[in-house]
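Only one structure is covered here, and it is reproduced in the block below.
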Amino acid sequence: MVSFEQWEKARQENSADQERQAGIEAVVIAAPMSNDRFMSLIQNTRGLKYIIDLRGEDELSLKDGKFNYLSFSKVVAQIEAFNTHAQAKTQAALSEIKERTEKFRLLTIHRPQGWDDLWS
């Protein structure tokens, strides 16, 4: 993981670090920083496709559509949607388990030769 300070320093050393900048596809913003500072950091980065903003209060307004932007509120909404889906699936599985358990509990198997017919 690269900190913003390391990234900014690498940006300033243009020669050999341009190849490293080209390899960055996603950035997660989890530090308290202004939109202007962040935009200045990414303006010359090639290959950047995804921005995940976990700051919560200061959403970027990207009008060019150049990046796939995911804000904190969208991340939380996706987590909540997943939890709702997972709870529904869990409840369905539990009810199926309960139903099959009850069916097995009520099952009667007649063994005319006793337990010996289990092995035959």
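The values are calculated or read from the model by the stated rules, or taken from the named source; none is laboratory data. These figures come from a predicted structure and were not determined experimentally. Neighbour counts are summed over all protein chains in view; Cβ atoms, including those assigned to glycine, are modelled from backbone coordinates with ideal geometry.
Of all residues in the stretch 23-40, none that is touching a residue at least 40 places away in the same chain (Cβ under 8 Å) has its Cβ atom under 6 Å from the Cβ atom of a residue that is in a loop (DSSP other than H, G, I, E, B) and not aromatic (Phe, Trp, Tyr), 6 or more apart or on another chain. Of all the residues in the stretch 65-97, those that are β-branched (Val, Ile, Thr) and on the phi > 0 side of the Ramachandran plot number 0. Considering the stretch 23-59, the residues that are within 22 Å of the chain's Cα centre (by Cα) and among the acidic types (Asp, Glu) include one that is surrounded by the fewest Cβ atoms within 10 Å (Cβ to Cβ), namely Glu57.
In the stretch 90-108, the qualifying residues are those that are surrounded by 10 or more Cβ atoms within 10 Å (Cβ to Cβ) and among the basic types (Lys, Arg), and the one that is nearest to Leu60 (Cα to Cα) is Lys98. Only one entry in Glu57, Glu102, Glu80, Glu96 is part of a loop (DSSP other than H, G, I, E, B) and either within 30 Å of Val28 (Cα to Cα) or modelled with pLDDT of 90 or more (or both), namely Glu57.
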